[in-house]
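Participant: Can you read through this structure? Questions will come right after.
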Amino acid sequence: MKTKNECPFCHGKADLNDPSNSSFQINVDISDPNYPMISVSYMDDDDYDYTQVINYCPICGRKLVN
């Protein structure tokens, strides 16, 4: 059984992408431990990119900041 410490989404091992739509991407970025972020991108005729600082993993609920 996996624990929250092994969540692939908040440990950078997996993205929250829709495999049926390669233009749509959601990523959890914890490269800066003070400002973990979720980033949403959609690339088509009108490119869309949004980034939001988050405190918890949206999948497992693990706290990302101290």
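Participant: What's the total number of residues in the stretch 37-63 that are part of a loop (DSSP other than H, G, I, E, B), of a type in the set (A, V, I, L, M) and modelled with pLDDT of 90 or more? Can you show your working first?
Facilitator: Of the stretch 37-63, the ones part of a loop (DSSP other than H, G, I, E, B) are 43-47, 54-55, 57-62.
Filter again for of a type in the set (A, V, I, L, M), leaving 43, 54, 59.
When the remaining residues are screened for being modelled with pLDDT of 90 or more, the result is 54.
Qualifying residue count, the stretch 37-63: 1.
Participant: For the stretch 19-38, name all the residues that are more than 18 Å from ARG62 (Cβ to Cβ) and either of a type in the set (Lys, Arg) or within 14 Å of the chain's Cα centre (by Cα) (or both).
Facilitator: Answer for the stretch 19-38, where residues must be more than 18 Å from ARG62 (Cβ to Cβ) and either of a type in the set (Lys, Arg) or within 14 Å of the chain's Cα centre (by Cα) (or both): PHE24, GLN25.
Participant: Would you please list the contacts, defined by Cβ atoms under 9 Å and residues six or more apart or on different chains, that run from a residue in the stretch 32-54 that is in contact (Cβ under 8 Å) with a residue 24 or more places away in the chain and farther than 21 Å from SER22 by Cα to a residue that is among the hydroxyl-bearing types (Ser, Thr, Tyr) and part of a strand (DSSP E or B)?
Facilitator: Short answer, once both residue conditions are applied: PRO36/TYR56.
Participant: How many residues, within the stretch 1-33, are of a type outside the set (S, T, N, Q), part of a loop (DSSP other than H, G, I, E, B) and modelled with pLDDT of 70 or more? Walk me through it before giving the result.
Facilitator: Just the residues of the stretch 1-33 that are of a type outside the set (S, T, N, Q), to begin with: 1-2, 4, 6-16, 18-19, 24, 26, 28-30, 32-33.
Subset that is part of a loop (DSSP other than H, G, I, E, B): 1-2, 7-16, 18-19, 30, 32-33.
Subsequent filtering for residues that are modelled with pLDDT of 70 or more retains 7-16, 30, 32-33.
Count: 13.
The values are calculated or read from the model by the stated rules, or taken from the named source; none is laboratory data. Keep in mind that this is a model prediction, so the values were computed, not measured. Note that each Cβ is placed from the backbone with ideal geometry, even for glycine, and that neighbours are counted across all protein chains shown.
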